[in-house]
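Data first, discussion second: the structure below is written as structure tokens.
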Amino acid sequence: MTPKAALRQTIRARRRALSPDQRQEETTALLDLLEPLVAGVTDLASYLALGDEIDVRQLHERWWQAGRAVWLPRVQGLDLTWHAVRNPATCRPGSFGVWEPDPGLVPAAPLPPQATILVPGVAFDAQGGRLGQGKGFYDRALATHAGPTIGLGFTCQEVPRVPREAHDLALGTILLGGRRLTPA
């Protein structure tokens, strides 16, 4: 087993072990930190959480209620396409059981270059390191994006050092539960 695969297994087990109360407490604390960071953002790119990922749907709902779009990804082959979603009813189950925009209802469009991307992950470190699910979708998307990036997770997802390869880019900010990690 590779170091990345072993770390994924360990952190996923930690995430699954969180109680519902701890999940809610950390989600609320994370949203309290995140709201001011995205208050002045024009274009927000986010994600629809897998079962045990931190879920920022409450933030999406506030944007939608204000008549704003949230850019959400869809897996297309080896890449992510981005869709300006204004209504959650335009999403459906897609690749890997993840909810994603229905391209028949919300066509793909280029992600605005200044968009702030909220990035899920399995593990994070204080140097901006992020370990994803292992398919490289976000690595490829972030490689061509110049806008701000914010990694999101629970506090149990912090590790001293995420193993990195040349294609693994550091994130600008990481929020874990009620903590903000500022990469060096």
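Is there a residue in the range 129-144 that is hydrophobic (A, V, I, L, M, F, W, C), crowded, with 17+ Cβ neighbours inside 10 Å and touching a helix residue (DSSP H, G or I) at 6+ places or on another chain (Cβ under 8 Å)?
yes
For the range 7-56, how many residues meet the condition of being under 17 Å from Ile117 (Cβ atoms), assigned to a helix (DSSP H, G or I) and among the acidic types (Asp, Glu)?
Going through the range 7-56 one residue at a time, the tally reaches 1.
When you scan the range 57-65, do you find a residue that is touching a Pro at 6+ places or on another chain (Cβ under 6 Å), surrounded by 14 or more Cβ atoms within 10 Å (Cβ to Cβ) and free of Cβ contacts under 8 Å to residues at least 40 places away in the same chain, even just one?
no
Give Leu152, Leu169 a once-over and let me know the one that is part of a loop (DSSP other than H, G, I, E, B) and in contact with a Gly (Cβ under 9 Å, 6 or more places away or on another chain).
Leu169
Looking at (1) under 25 Å from Leu176 (Cα atoms); (2) outside any helix (DSSP H, G or I); (3) in contact with an Asp or Glu (Cβ under 9 Å, 6 or more places away or on another chain); (4) aliphatic (A, V, I, L, M), which is the only condition Leu59 fails?
It fails just one condition, (2).
Could you please find all residues in the range 130-146 being more than 15 Å from Asp79 (Cβ to Cβ) and in contact with a Leu (Cβ under 8 Å, 6 or more places away or on another chain)?
Residues satisfying the conditions are Arg130, Leu131.
Inside the range 137-184, can you point out the residues that are touching a residue at least 40 places away in the same chain (Cβ under 8 Å), within 13 Å of the chain's Cα centre (by Cα) and over 23 Å from Thr28 (Cα atoms)?
Phe137, Tyr138, Ala141
Condition first: within 26 Å of Gly40 (Cβ to Cβ) and in a strand (DSSP E or B). Now tell me which residues in the range 110-129 satisfy that.
Residues satisfying the conditions are Thr116, Ile117, Leu118, Val119, Phe124.
Scan the range 87-109 for residues that are part of a loop (DSSP other than H, G, I, E, B) and within 24 Å of Leu34 (Cα to Cα) and jot them down.
Listed by number, the residues that qualify are Asn87, Val98.
Every read-out reported here was derived from the displayed coordinates using simple, explicitly stated rules and does not represent laboratory data. What you see is a predicted model; the values in this text were computed from it and never measured. Cβ sites come from the backbone with ideal geometry, for glycine too, and all protein chains shown count toward neighbours.
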